[in-house]
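Enquirer: One structure is given below, represented as structure tokens, and several questions about it will come after.
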Amino acid sequence: MLTTLIYRSQLNSSCESLSLTSLIDKARENNGALNITGILLFNGVEFLQILEGTEEIVDTLFSKISLDDRHHSVVELMRDYGPRRRFEDVGMMLYDLRVAPTESVLSSVLHYSKLESYLATEDRVFKFIQSFIKQTRQPEPAVAASASKWRLAPERPPFGGCDLVPGQLCQFALQPIVEPASGKISSLEALIRGNDGGSPEHFFNGIPQDKLYDVDLQTKAYAFALAEKIGIGDHKIAINLLPMSLVNVPGAVDFLMDQILLHGLVPEQVVVEVTENEMISGFNQFNSAIKQLRAAGVGLAIDDFGSGYAGLSLLTRFQPDKIKIDREIVSNIHLSGPKQAIVKSIVSCCTDMGIALVAEGIEKMEEWCWLETAGIRRFQGFLFARPQLNGVGTIHWPKPAQ
């Protein structure tokens with residue numbers, strides 16, 4: 001399958017005397033043998049490269065390129081497929097923007113294009129090239145270098161623990177949402193587990209469909225009871241709720257409010273996280289329930305944002321206090337241009353609306369460094385703390401490396 005891949009990277013400062021001419025001569029020979037077409041642009045700091053060829057060979061070559069220590073901060077920007085090549089089979093062509101005029105570069109690139117001129121100017125690849133040539137932005141920070149400046153310091157949180165209460169339908173594991181820059185616990189998320197420690201999916205698969213929403217709502221009482229037993233003080237607790245539980249269960253809001261007060265909490269301590277992963281029907285009833293919760297002081301978050309049915313349309317109909325960006329979007333974000341563009345847009349959008357952001361599923365220091373630089377301050381994931389049954393586990397705080 002014919003594949004086009006575009007990536008950007010930054011020249012390693014130790015390779016400033018690198019001879020691009022000899023590099024290109026060698027790449028042209030290697031690419032020619034692999035039937036790969038390459039276009040490389042360099043502005044003195046950053047590279048932009050386009051690779052065209054069969055998918056397997058392009059993937060193998062890109063993996064090798066990513067490990068080359070002559071550059072760093074390698075970010076994949078685009079991967080596309082097509083019926084024919086965009087460029088003549090030139091092996092490798094270099095455009096050094098330090099010495100070549102902008103217009104001549106664009107003309108030369110178009111000269112090697114196999115597309116009709118009116119198609120080339122609208123093509124995504126050429127838009128990337130044009131943007132790189134005319135860019136005025138600063139290069140992205142070197143995430144790997146930033147990550148190396150930090151270490152993780154373990155700390156026991158100020159909470160107790162408890163045993164499983166007999167007769168409960170389920171149990172909960174608590175996982176903190178943290179603000180590493182200020183060393184604060186933002187809230188504790190109560191993650192439902194079966195009594196055998198099994199996953200939420202395993203637990204809910206054992207519930208009859210006609211009882212699903214009743215059980216979903218009832219189990220929140222156990223989460224509030226756990227918060228009381230371990231002594232969360234004035235910290236917040238977040239509970240996950242299927243959106244349709246608020247629609248299909250009569251008196252759902254009253255039940256939640258009664259349980260919050262019964263277990264010594266105040267409504268302002270509770271955040272209800274609704275997920276996008278379930279289609280919401282009866283939106284008027286859902287919206288009415290949300291209004292009642294908000295009026296009582298309960299916080300609202302959209303969980304797994306970007307993974308489900310509603311997306312931005314849900315955000316236009318009600319504005320939560322918090323949005324949690326789905327782990328699939330933030331995973332390896334330091335390597336993915338499309339993910340970076342999406343998250344930057346979410347940050348801008350939520351900043352304009354005064355909505356707090358949480359990045360979920362953080363497992364790598366590089367992910368945290370990139371997201372922190374992008375303006376996100378709240379994080380959740382194995383990098384900082386794993387969920388712990390009936391309590392809160394050790395939290396690992398980023399500290400400057402000595």
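The values are calculated or read from the model by the stated rules, or taken from the named source; none is laboratory data. Keep in mind that this is a model prediction, so the values were computed, not measured. Neighbour counts run over all protein chains shown; Cβ positions are idealised from the backbone, glycine included. The protein model used for the area step is the full one, side chains on, heavy atoms only, and it has no ligands, DNA or RNA in it. Shrake-Rupley method; radii C 1.70, N 1.55, O 1.52, S 1.80 Å.
Enquirer: Which one is modelled with the highest pLDDT among residues in segment 1-23 that are open to solvent by 70 Å² or more (accessible area, probe 1.4 Å) and over 23 Å from residue 106 (Cβ atoms)? Steps first, please.
Expert: At the first step, the residues of segment 1-23 found to be open to solvent by 70 Å² or more (accessible area, probe 1.4 Å) are 1, 13-14, 16-17, 21.
Remaining after also requiring over 23 Å from residue 106 (Cβ atoms): 1, 13-14, 16-17.
Numbers: 1: 85, 13: 80, 14: 76, 16: 67, 17: 65.
Among those residues, the one meeting the criterion is 1.
Enquirer: Residue check, residue 40 against (1) of a type outside the set (Lys, Arg); (2) in a strand (DSSP E or B); (3) surrounded by 15 or more Cβ atoms within 10 Å (Cβ to Cβ); (4) touching a Ser or Thr at 6+ places or on another chain (Cβ under 7 Å), all met but one. Which one?
Expert: Single failed check for residue 40: (4).
Enquirer: Of the numbered conditions (1) touching a helix residue (DSSP H, G or I) at 6+ places or on another chain (Cβ under 6 Å); (2) open to solvent by 20 Å² or more (accessible area, probe 1.4 Å), residue 369 satisfies every one except a single condition; which is it?
Expert: (2)
Enquirer: In segment 1-37, what residues are assigned to a helix (DSSP H, G or I) and within 16 Å of residue 96 (Cβ to Cβ)?
Expert: Going residue by residue through segment 1-37, those that are assigned to a helix (DSSP H, G or I) are 13-15, 20-34.
Answer for segment 1-37, where residues must be assigned to a helix (DSSP H, G or I) and within 16 Å of residue 96 (Cβ to Cβ): 15, 20, 21, 22, 23, 24, 25, 27, 28.
Enquirer: Considering each residue of segment 98-128, count those that are assigned to a loop (DSSP other than H, G, I, E, B), modelled with pLDDT under 75 and farther than 18 Å from residue 38 by Cβ, and give that number.
Expert: Qualifying residue count for the region: 2.
Enquirer: Among the residues in segment 97-109, are any in contact (Cβ under 8 Å) with a residue 60 or more places away in the chain and surrounded by fewer than 17 Cβ atoms within 10 Å (Cβ to Cβ)?
Expert: Here is the first cut: in segment 97-109, the residues in contact (Cβ under 8 Å) with a residue 60 or more places away in the chain are 105, 109.
If we keep only those that are surrounded by fewer than 17 Cβ atoms within 10 Å (Cβ to Cβ) as well, we get none.
No, there is no match, as no residue in segment 97-109 is in contact (Cβ under 8 Å) with a residue 60 or more places away in the chain and surrounded by fewer than 17 Cβ atoms within 10 Å (Cβ to Cβ).
Enquirer: Separate question: Looking only at strands (runs of 3 or more DSSP E) that fall completely inside segment 151-264, which ones have 1 or more residues that are open to solvent by 60 Å² or more (accessible area, probe 1.4 Å) and under 27 Å from residue 323 (Cβ atoms)? Before the answer, list the steps.
Expert: Values: elements: 171-179, 184-193, 237-241.
Qualifying strands (runs of 3 or more DSSP E): 184-193.
Enquirer: Taking residue 56 as the residue in question, decide whether it is closer than 22 Å to residue 338 by Cα and open to solvent by less than 30 Å² (accessible area, probe 1.4 Å).
Expert: Values: closer than 22 Å to residue 338 by Cα: yes; open to solvent by less than 30 Å² (accessible area, probe 1.4 Å): no.
No.
Enquirer: For segment 372-394, name all the residues that are of a type in the set (Val, Ile, Thr), closer than 22 Å to residue 229 by Cβ and open to solvent by 20 Å² or more (accessible area, probe 1.4 Å).
Expert: Keep residues of segment 372-394 that are of a type in the set (Val, Ile, Thr), which gives 373, 376, 392, 394.
When the remaining residues are screened for being closer than 22 Å to residue 229 by Cβ, the result is 392, 394.
394 - this is the single residue of segment 372-394 that is of a type in the set (Val, Ile, Thr), closer than 22 Å to residue 229 by Cβ and open to solvent by 20 Å² or more (accessible area, probe 1.4 Å).
Enquirer: Next question. Are there any pairs with C-beta distances below 7 angstrom linking a residue in segment 294-305 that is over 14 Å from residue 357 (Cα atoms) to a residue that is β-branched (Val, Ile, Thr), with the two at least 6 apart or on different chains, and if so which?
Expert: The qualifying pairs are 298/270; 298/272.
Enquirer: Just a yes or no: is a residue in segment 24-43 over 23 Å from residue 111 (Cα atoms), of a type outside the set (D, E, K, R) and either at pLDDT below 90 or under 26 Å from the mean Cα position of the chain (by Cα) (or both)?
Expert: Within segment 24-43 (the criterion being over 23 Å from residue 111 (Cα atoms), of a type outside the set (D, E, K, R) and either at pLDDT below 90 or under 26 Å from the mean Cα position of the chain (by Cα) (or both)), the answer is no, since none of the residues qualifies.
Enquirer: As an exercise: evaluate residue 298 against (1) within 20 Å of residue 243 (Cα to Cα); (2) surrounded by fewer than 21 Cβ atoms within 10 Å (Cβ to Cβ) and give the number of the one condition it does not meet.
Expert: Condition not satisfied by residue 298: (2).
Enquirer: Return the pair list, or none, for Cβ contacts closer than 8 Å from residues in segment 53-66 that are closer than 13 Å to residue 35 by Cβ and hydroxyl-bearing (Ser, Thr, Tyr) to residues that are open to solvent by 30 Å² or more (accessible area, probe 1.4 Å) and in a strand (DSSP E or B), at least 6 apart or on different chains.
Expert: The qualifying pairs are 54/2.
Enquirer: Moving to a separate point now. What tally of residues in segment 171-214 results from selecting those that are in contact with a Pro (Cβ under 9 Å, 6 or more places away or on another chain) and free of Cβ contacts under 8 Å to residues at least 60 places away in the same chain?
Expert: Selection size over segment 171-214: 2.
Enquirer: With the requirement that a residue be part of a helix (DSSP H, G or I) and under 28 Å from residue 193 (Cβ atoms), what does segment 366-395 give you? Spell out the reasoning first.
Expert: Quick first cut of segment 366-395, residues part of a helix (DSSP H, G or I) only: 366-374.
Correct list: 367, 368, 371.
Enquirer: Looking at (1) open to solvent by less than 50 Å² (accessible area, probe 1.4 Å); (2) farther than 30 Å from residue 228 by Cβ, which is the one condition that is false for residue 351?
Expert: Answer for residue 351: the failing condition is (1).
Enquirer: On to the next question. Which of the residues belonging to segment 315-345 are open to solvent by 20 Å² or more (accessible area, probe 1.4 Å) and β-branched (Val, Ile, Thr)?
Expert: 316, 329, 342
Rundown of residues vs (1) modelled with pLDDT under 95; (2) hydrophobic (A, V, I, L, M, F, W, C), yes/no style:
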position	(1), (2)
320	yes, no
326	yes, no
333	no, yes
342	yes, yes
353	yes, yes
358	no, yes
362	no, yes
373	yes, no
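Enquirer: Within the group 167, 206, 198, which residue is of a type outside the set (Asp, Glu) and under 23 Å from residue 380 (Cβ atoms)? It would help to see each step written out before you state the result.
Expert: Numbers: 167 fails: under 23 Å from residue 380 (Cβ atoms); 206 fails: under 23 Å from residue 380 (Cβ atoms).
One residue alone meets the criteria, 198.
Enquirer: I'd like to know if segment 268-288 contains one or more residues that are at pLDDT 95 or above, farther than 26 Å from residue 375 by Cα and either open to solvent by 30 Å² or more (accessible area, probe 1.4 Å) or among the β-branched types (Val, Ile, Thr) (or both).
Expert: Within segment 268-288, the subset at pLDDT 95 or above is 268-272.
If we keep only those that are farther than 26 Å from residue 375 by Cα too, we end up with none.
No, every residue in segment 268-288 fails to be at pLDDT 95 or above, farther than 26 Å from residue 375 by Cα and either open to solvent by 30 Å² or more (accessible area, probe 1.4 Å) or among the β-branched types (Val, Ile, Thr) (or both).
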